[in-house]
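What follows draws every value from the coordinates through simple rules; no lab data is involved. Here the structure is a predicted model, which is why all the values come from computation and not from measurement. FYI the Cβ positions are ideal-geometry reconstructions off the backbone, even for glycines, and counts take in every protein chain you see.
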Amino acid sequence: MIDVVAASLRTALCRLLGIDYPVFSAGIGAGARAELVGAVSNAGGFGVLGASGVPPDSIRAEIQRTRALTDRPFGINVIIAEDSAADVEEDREFFRAQFRAAAEEGATAVVLFWGHPAPLAEGAHASGLKVLAGEIVVELVRDAEAALAAIERPAPAR
């Protein structure tokens, strides 16, 4: 019976991410650290490192700590809500630098949260990350469709 239940939990998402169970930890803004991420990933789920507002060099260091605890797939979580049109491009460049750092250190995916992922998904994919959306905030159906199309684009092979 347990084998049947375990087999039924192996979803397309599991195959995409290389995990055993469709269980994710929350990034908790910048709160989820290497110990939690390593434990969730080692248990067969997808650990998610909190990276919101975290500078790229600090992301690198935390991913290295995480890699010392697990060789399983894990990702980073970034809250992408943009407050002001004046510094949107500066914010986006910061996010892209975070994505590059995460990909270079071996993260599997980025979980984007609260904002519209389409403007950032291409940069994440270009870095070699899979893109997941924790919560998409859009006003129109066409925006939701654009967001979905952006995150579904496969990441290039590393």
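Scalar couplings 3J(HN,Hα) for the stretch 117-130, obtained by applying the Karplus form with A = 6.51, B = -1.76, C = 1.60 to θ = phi - 60°, are x, 3, x, 10, 4, 4, x, 5, 4, 4, 6, x, 9, 7 Hz; x denotes Gly and Pro. Counting every pair of alpha carbons in the stretch 40-97, the share spaced more than 13 Å apart comes to 64 percent. If the chain linking Ala149 and Arg10 were pulled fully straight, counting 0.36 nm for each residue of separation and taking away their Cα-Cα distance, it would gain 47.6 nm. Listed peptides 127-133, 110-116, 24-30 appear in the order 110-116, 127-133, 24-30 once ranked by packing, highest mean of other Cβ atoms within 10 Å at the front.
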